[in-house]
Each structure stands twice: as C-alpha cells, then as structure tokens.
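Beneath this line is the structure, given in structure tokens, with notes to follow.
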Amino acid sequence: MDETGPLTEHEPTRTGLSVDALHRALLDNLFYVVGRFPAVATRQDYYRALAFTVRDRLLHRWLRTVQTYKEERSRTVCYLSAEYLPGPQLGHNLLALGIFDNTREAVRRVGLELDDLIEEEAEPGLGNGGLGRLAACYLDSLATLQRPAIGYGLRYEFGIFRQRIDNGWQVEVSDSWLRDGNPWELRRPHIAFEIGLGGHTERYLDHHGHTRVRWVPGETIRGVAHDTAIPGYGVFNSNLLRLWAAEATESFDFGSFNAGDYQGAVRRKIRSETISRVLYPNDEPETGKRLRLIQGYLFVSCSLQDMLRIHLAGGEGLDRFPQRFVVQLNDTHPAIAVAELMRLLLDKHGMEWESAWDLTRRTFAYTNHTLLPEALEKWSLTLFEETLPRHLEIILEINQYFLDEVRMRFPHDEALTTRLSLIDETGPRYVRMAHLACVGSFSINGVARLHTALLADTVLRDFHTLWPERFNNKTNGISPRRFGNLSNPDLCALLSRVAGPGWAADAERLRLLEPHAHRREIYPEWRRIKLERKRALARYVADQTGIVVDPESMFDIQVKRIHEYKRQHLNVLHIIALYSRIKMDPTLDAAPRTFVFGGKAAPGYKMAKLIIKLIHSVGEVVNRDPAVRDRLRVVFVPDFNVKVAQRIYPAADLSEQISLAGMEASGTGNMKFALNGALTIGTLDGANVEIREEVGAENFFLFGLTSAEVQARKRSGYCPYDCYRENPVLREAIDLLADGLFSHGDRALFRPLVDHLLQQDDYMLLADFQSYIDCQDRVDRAFRDADSWTRMSMLNVARIGRFSSDRVVQEYCREIWRLEPVTIRP
Ligand code: GLS
C-alpha cells in the first residue's frame, strides 16, 4: 500500500517518508517533544512521539495546500457541524500518507509493534452517532477528492460518555479524551473571536442618517481555534478541521481580585470555559437548553467570523462572498448561522437588509437528517430573547418578509402561513430552527431517496410546495478507507488483488469483483478472512465480557444507538422465540448463532436503557442454559464507538437493519457491514432501499411493512394487541418476558416494555414480528449453504461501491456546492 521514495542519505527528519527518516523522527520527537528517554518511555510516550512524527508530515502538506488554495482563490465549502466522530487518527493518517509499511518497520526498530501504538490512541468522541460519523467521512472524501474544505465544529472537552455495563444496566462515565493531550491538534491563539451573550440592543443613526442597530451584550466569550489536518488519501491535499474551544475574554477579573474576591475573579473564567465542556447526548429534550443554544451559537459565530476574515483578507468585496464560500448546515444544530450572518453583515459591515439577505440566501445549504419530531429543534422565545436578543429581532424580521411572500402567493391560506412561520405560536412561543434553515438556504436535502421523499411529503411538505426546486436528495455514503482498508486489511488485500488497488479511491471499481463471485476456488479464502475477523472479535468479546463465543457460528450483529425505532427489542423477540423453539424441539435443525449487540442509550432515555438491560437479561439465561449450549449466544459489546466498530463490521455475517420503515433517515452502518461482506436482514427503510436495489433483491433479506403500509395501518387504527392475540409464537415470546423468565421471576422489571408493546407499539414491532421470524428462517437456510452464502457476500461487496462517501461528496460538489478539484503539488 506504500509508495515511498528511495532511502536517501539526507532525507529531512520532519518530512521524509523513508523508514530511516521516520525512525530518526520518532526518536527525535520522543526526546524533544515528549521529553522521554527510550529507556523509560512507555507505549503511550511512543504513540505520542509517533503522532508528532506524522503530524509534521501533515503540516507540511497542509501549508502547501493553504498556499495553493489562496493563490488560486479557490471556492471553499465550509461544513458546519455540531458533531464529528473522526475515530482514531494515527492509522488513518498513515494510510493517507501511504507510509503504513515504512512506519511499521520504523517502529520495529525501536522494539515495538505499530498495532500496539495505534491501540494507545484515545478517540475523539465528539458526536452521538451516525450524523457525526458522516461528517467525518465527508471530510475524508473532500480531501481525497481535492476539494477545498473546512470542517467547523466544537472542541468538547468531554465527548460522548463512555458506557460501562453494571449488572446489565448502562452506566455513563465521563470521557476525558484529552487527558493525555491531543498530539494531532494545534491550538491557534491568534485565531480567536469574541461572541456576545444576553444584554440588549440599541438603535442609532449612522453617518448617512440611516437607523442601525447595535447589540450591547451582557457578556462576551472567546472561541479559540484548534486545528487538525485532514489528509486526502493518496493525494497531497490536506484540509482542515477547525474546532472552537470557549475561553474567557479575560481570564482574570481584576475588579473582583482587587476587592479581595479571588474566587469571584476566576469564576467567570470557569463559567466561560464551561460552554465547550461537554457534548450533549441526544434524545434528551429538556436538559441544558440554554447551554446548548450557546454552544451552537459559539461555533457558528466564530466560524462565520473566520470565513469573513479569510474572505476579506483575499482583497475581494463582501458581495463576492457567496462566490468564494458555500456553507453546509449539518442538520439544524447550526441553523442560527442564518441569523448570525445577517447580523454580521448588517450590524458589523453596514450592509442593507436586501443585499444582506440575498447574500445569505446564496451562501447556505441545509441537510436534514431525521424525520423524528423530537429532533426538529425548537427554542423558546424567552430563552432566545434572554440569550440572543439581536438574533431574535432578525429572525422576526426575516419571518415578516417571508410570511408576506407566502401570503402574496397563497392569499387565502392563513393556515399555511401559520404552519410555515418561523415561530410556533400554537402554545408557548418557539423558534423553529428547521424553518429558519429552510428559509435561509438555497438547497434542502435529505440523506436517502425515501427520506427525501418523506421530507417533502411530511415535515417539510409546505416548504416543498413553496420551493420544490430547492429540494434534492443526497444518499449517504461511508469512507472506504476507514471502513475498508483500515478495518479489514486482509479483505482489502484480496480485493486489491482481484479488482485492482484503485478501488479505495474509486469504489465503483469493486464491480470488478463481480465476475469472481462465481469462482468457487476463491470461496475458501473469502471465508478464511471472515473467520479470522470473527476469531479476533471473539477474543475481544471474551476479554470485555467474559463470554466465550464460537467463531464458527453465524455472527448476527446489531450495532447502533439504542432507540425504540431501531427496534433492538424486535431482534430480542426473535432470540426468545428461537430459544424457546430449540427448548421445545432439541433436534431443531438451525445454524448456531451468536447475537451481538452494541450501542449507547441517551442517559435520559429510560426505555432505551431498559432495552440494554433486556439484552443482558436474555443473554444471561440463554448463555447459561445447557439445552442451547453451542447453539445460541447473546453478547453485548460495551462502549460502541469508532474504534470498536472497526473490529465489529469485518466480523459480521448478518447485519441487522430492522427499523420501522419510514423512521431511519438513512443509516450508514448498513453500508459499513455490506462493504465487509455481511448480508443484510432489513426493512425497506432509509438507505436499505437503495442498498437492496444495488446488491440485488436475491442478495438481501427483506421483511416488514413498507412505509406506505405503516401509514395506512396507523390511519386505520393499529391495534398491537390483535397481533399478540392472533400469533401464538409472538404470544409465547411476550409472555415469557412478562412472566419474569428473564428477570429471575421479577414480573415488574420489563413491564413498561411489555405494556408499551401491547398497548401502543409506536414502532410496530408486533405488526412486523411474523415477517421478521419468517425472514430469519430464510437467513438460516441460506447460511447453511456455505457456497451460496459466500457468493452473496461477494456480490454485496462488489455492488456496494455506490455507497462510498466519495460518490456523495462528488454529487454535493456538482449539484450544490459547485466546487472544483484543486491539485496540490509536492
Ligand atoms: C441521523 C439518522 O438517524 C441516520 O439515519 C443517518 O444515517 C445519519 C446521517 O445522515 O443521521 N440523524 C440524526 O439525528 N442522527 C443520525 O445518526
């Protein structure tokens, strides 16, 4: 995989890529940067020395990239995202630079193994799940495709909590990923901006006699840039991830200090720094509202001020800003950007409303990532008024012009005006952030074909009526580098051999594997690679949970956030049904299975936490029962994150994508599993629909209602109890649960879950139950025909190329961002 030059005598220590240069740099950094002698250095010390070694090489590329972008006055996309889940950097960067093998050798020279150093890295958990990981994949693709891009976000001191399991329950532990320092980032004290909070606004006359507004904030906070280089794969381009950390404008309040109040003097500093202290886990509607609003505002304001600074430094007028920058809003979290850009243009740069609005509307594009009502952000007007009074004024003014336009086009439809308004006035008044994002953007996209269609038909229906031309679809994708090369090197070596090495930068080339899917002589090697990954996962599972699993059994895996709509408990109902079937008929001919789960539940989401307990409780009974020994195992891998994910996807035989149709916007795990040769059991939801079309219906296990059927069933009055009454298998599974078989006789433990299923069943598990069970029987039969399974697995890999993030980013570049590649020469 390497393409390094020959070893030259004078290769520079900071930029050279030879084994020799890397080895010298490693020792050099160990001593001069980490401050340790080899004799006493720990693995962590060596990891850091190696990270600095790699960072030097990245900096070199990055400076060259910045210079070139500047000289060529390249158009840049700025991705505004409250979340990023980049995963560990070391391996990824070595891969991008093409120096994996040389580095391995250089590390051996100091008596260590590269894989052990890679293990030392703490991952930046700056996101909740799919949305943050998607942002990281897009940054990878942007750099690889040589597109000028900056990822902007927040540098949370504590990322997503670490998950421990205590007696089957999730326990949250704080994630101090910065404890040992972060060798990849550069703090940029000279790139810092102030933001205001609270206070009031004043009107005054400028020298042209025009009334203007001045915001006098109650307090100010600084955001300081922390930069991480994002190298492209196999190219010289290196882009930037710029994360803002909150700091106090003055670290010391001398007034208080002189008055003898030392504690008061530092209190403000501490309070300011709290702003970027912690990432909020999603699904918790009420906690930390104010802090969250401020967090969003902090990174949005700093990012926009930064863009304006860069733009003006290039010597062009503000009117050219939309030619130079395009800003993608990753969901509604950064939607305040629409009002903030208006404020900067109006109040700071003295622009008139019309030109400012025109410029703003040509700058932003908005991606929606969910149809769930609770994720459509709303902020109370009171909170807004207290925190961002000037922004509220601007939003109200935008709203006035907007609603005038609506009334002009639909004169007799006051209901439409009410529905479209940026302010929800049905009860206590709220600002609707999705509406602000729609009104302020020239493009609105969903993340899978079905999702975009449902958006246009449901949550954003009125906007679609208004501006159908703004709507477009961009089906998600994943980085083949991260989830192929890095996670599964052996499989990738095989792919490179049969399809050529170019597939990692051009995933459509995986198609070249297709003719080989019929060559039985390859099957044993394909299976050997899978088995090896399963063995590795089995070792990890044993180490983490103490549970021994059989690598020869089918690995049936569901890893993702725990949420009722994702229906991990439907998976559990199948396990219970299968368990009881084997108990009743020990001769039952079924392939041995290992059910693997992983994922975090939002700390305030009780039902999700109960589902984690349920998985453990069922596992405890099943794993202990000699009657099903060697046939069924249930394990829960704690603390699912990017690092753990990279172990899990390659080991899967079966990928569970079983959300209720119409609920999962896209999903990206579905793509990661398929790229690693797992077959999918899934509903027609999110990107599953398109994955199935690509890989072929015969290579995909489909079950369940369609989203149209779901809607119809709900309209006609869905009654889950009827399903329960009519289906003896379902009834038995639920009764076993309710009767306390999995809770040491405690009938109360799972009562909330059972009651919800029988009485409400919002996510229609009972409606889909039989179809799921039947489909699982088809999976079982298919798995037992090893050759046919292998062929299907190969075809899944061969046909999954469309779901590379490179393809999506190219679509964004062509259809939304109008962004051309800029080649960086060494
Ligand atoms: C999400 C969706 O739930 C996922 O289906 C989607 O794949 C992801 C990226 O588009 O975005 N939306 C969200 O709020 N969290 C997600 O993971």
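The values are calculated or read from the model by the stated rules, or taken from the named source; none is laboratory data. Please read all numbers here as calculations on a predicted model, not as lab measurements. Here the Cβ positions follow ideal geometry from the backbone for every residue, glycine too, while neighbour counts run over all protein chains shown.
Can you pull out the helices (runs of 4 or more DSSP H) entirely within region 76-178 that have at least 1 residues that are more than 23 Å from Asn239 (Cβ to Cβ), of a type in the set (Lys, Arg) and touching a residue at least 60 places away in the same chain (Cβ under 8 Å)? Filter on region 76-178 gives 100-109.
Out of Leu702, Leu736, Leu730, Leu753, I need the residue that is over 21 Å from Lys566 (Cα atoms) and surrounded by 15 or more Cβ atoms within 10 Å (Cβ to Cβ). Which one?
Working: Leu702 fails: over 21 Å from Lys566 (Cα atoms); Leu730 fails: over 21 Å from Lys566 (Cα atoms); Leu753 fails: over 21 Å from Lys566 (Cα atoms).
Result: Leu736 is the single residue among Leu702, Leu736, Leu730, Leu753 that is over 21 Å from Lys566 (Cα atoms) and surrounded by 15 or more Cβ atoms within 10 Å (Cβ to Cβ).
Is there a residue in region 699-712 that is closer than 28 Å to Trp169 by Cα and at pLDDT 95 or above? The answer is no; no qualifying residue exists. Scanning region 578-593 for residues that are buried (at least 20 other Cβ atoms within 10 Å of the Cβ) and of a type in the set (A, V, I, L, M, F, W, C) yields a count of 1. Cβ-Cβ distances below 9 Å connect the following pairs, each with a first residue in region 676-690 that is away from the ligand (no atom under 12 Å from the Cβ), a second residue that is aromatic (Phe, Trp, Tyr) and in a loop (DSSP other than H, G, I, E, B), and a separation of six or more residues or different chains: Leu679/Phe700; Thr680/Phe700; Ile681/Phe700; Ile681/Phe703; Gly682/Phe700; Gly682/Phe703; Thr683/Phe703. Checking each residue in region 743-769 for being over 32 Å from the mean Cα position of the chain (by Cα) and within 26 Å of Gly682 (Cβ to Cβ) picks out only Leu758.
Just one residue in the set Phe636, Phe640, Phe597 is under 24 Å from the mean Cα position of the chain (by Cα) and within 16 Å of the ligand (Cβ to nearest atom); that residue is Phe640. The one condition from (1) surrounded by fewer than 24 Cβ atoms within 10 Å (Cβ to Cβ); (2) more than 17 Å from Pro480 (Cβ to Cβ); (3) not polar (S, T, N, Q) that Leu126 does not meet is (1). Out of region 167-212, which residues are among the basic types (Lys, Arg) and exposed (fewer than 10 other Cβ atoms within 10 Å of the Cβ)? Passing the criteria: Arg179, Arg203.
How about region 352-378: which of its residues are outside any helix (DSSP H, G or I), more than 16 Å from the ligand (Cβ to nearest atom) and surrounded by fewer than 19 Cβ atoms within 10 Å (Cβ to Cβ)? If you could, list the steps in order and put the result at the bottom.
Within region 352-378, the first condition is being outside any helix (DSSP H, G or I), and the residues that meet it are 352, 364-372, 376-378.
Checking the rest, the ones that are also more than 16 Å from the ligand (Cβ to nearest atom) come to 352, 364.
Within region 352-378, Glu352 is the sole residue that qualifies.
When restricted to residues that are surrounded by fewer than 17 Cβ atoms within 10 Å (Cβ to Cβ), closer than 21 Å to Ile423 by Cα and touching a residue at least 60 places away in the same chain (Cβ under 8 Å), region 437-475 contains 1.
I'd like the full set of residues that are in contact (Cβ under 8 Å) with a residue 24 or more places away in the chain and hydroxyl-bearing (Ser, Thr, Tyr), limited to region 584-599. Hit for region 584-599 is Thr594, nothing else. Across region 23-49, the qualifying residues are those that are part of a helix (DSSP H, G or I) and of a type in the set (Lys, Arg), and the one among them that is farthest from Pro88 (Cα to Cα) is Arg24. Selection over region 525-566 of residues that are in contact (Cβ under 8 Å) with a residue 12 or more places away in the chain and part of a helix (DSSP H, G or I) gives a count of 20. Selection within region 445-461: residues that are under 19 Å from the mean Cα position of the chain (by Cα) and not in a helix (DSSP H, G or I). The member of this set that is nearest to the ligand (Cβ to nearest atom) is Val447.
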